[in-house]
Amino acid sequence: PHGVYPVSPDEHGERFVAIAVTDDLQWQRLVAVLGRADLVREDLATAAGRRAATTELDAAIAAWTTERDGELVERRLQEAGIPAYLALRPEDYPRDAQVV
């Protein structure tokens, strides 16, 4: 799965995190981070199977992200080796080392 998912809003409003699972190992790690053992299924063992279940997986990921702070989501996923980045807003630019 890959996409932009909502996270818990902050004092400036809505926040979103981009997540991109690019291989089977990252998928296994994502399932572990989400705490969703029910997603360890034969039909989801391949990228093709996961693409066929996009709606279900996007809902599962969004259910997890919306309950959490965006920086926490980004950090936990990156620590697990999953590409993830909190979408920046203009007020975030001065604090982002990649932009400054």
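Calculate how steeply helix 70-79 sits against the longest principal axis of the alpha-carbon atoms of the chain, using the helix alpha-carbon long axis, and give the answer as 0 to 90 degrees to the nearest 10. The angle comes out near 50 degrees.
Helix 54-65 axis versus longest C-alpha principal axis of the chain: approximately 50°, rounded to the nearest ten.
Ordered by packing density, taken as the mean number of other Cβ atoms within 10 Å over each peptide's residues, highest first, how do 67-74, 42-49 rank? Before the final figure, lay out the partial values.
Working: 67-74: 16.8, 42-49: 12.1.
Descending packing order for the listed peptides: 67-74, 42-49.
As a length-normalised measure over Cα pairs under 8 Å and 6 or more apart, the relative contact order of region 1-63 settles at 32 percent. Between helix 24-34 and the chain there is an angle of about 70 degrees, using the helix long axis and the longest principal axis of the Cα atoms.
Given the alternatives (1) 23, 15, 10; (2) 50, 18, 10; (3) 26, 14, 11, semi-axes √(5λ) of the Cα gyration tensor in Å as computed for this entry is given by (3). The H on the amide N of Val17, modeled in the peptide plane, is under 5 Å from the matching H of Tyr5, Val7, Ala87, each at least 5 residues off or on a different chain.
Stretched out straight at 0.36 nm per residue, the stretch from Thr55 to His2 would grow longer than its current Cα-Cα span by 18.0 nm.
Gain on full extension, evaluated as 0.36 nm per residue between Thr66 and Asp92 minus their Cα-Cα distance, stands at 7.4 nm.
Bear in mind that the values in this text are calculations on the coordinates, not laboratory data. Since this is a predicted model, take the numbers as computed values, not measurements. When we count neighbours, we look across all protein chains shown, and the Cβ atoms used for this are built from the backbone with ideal geometry, even at glycine.
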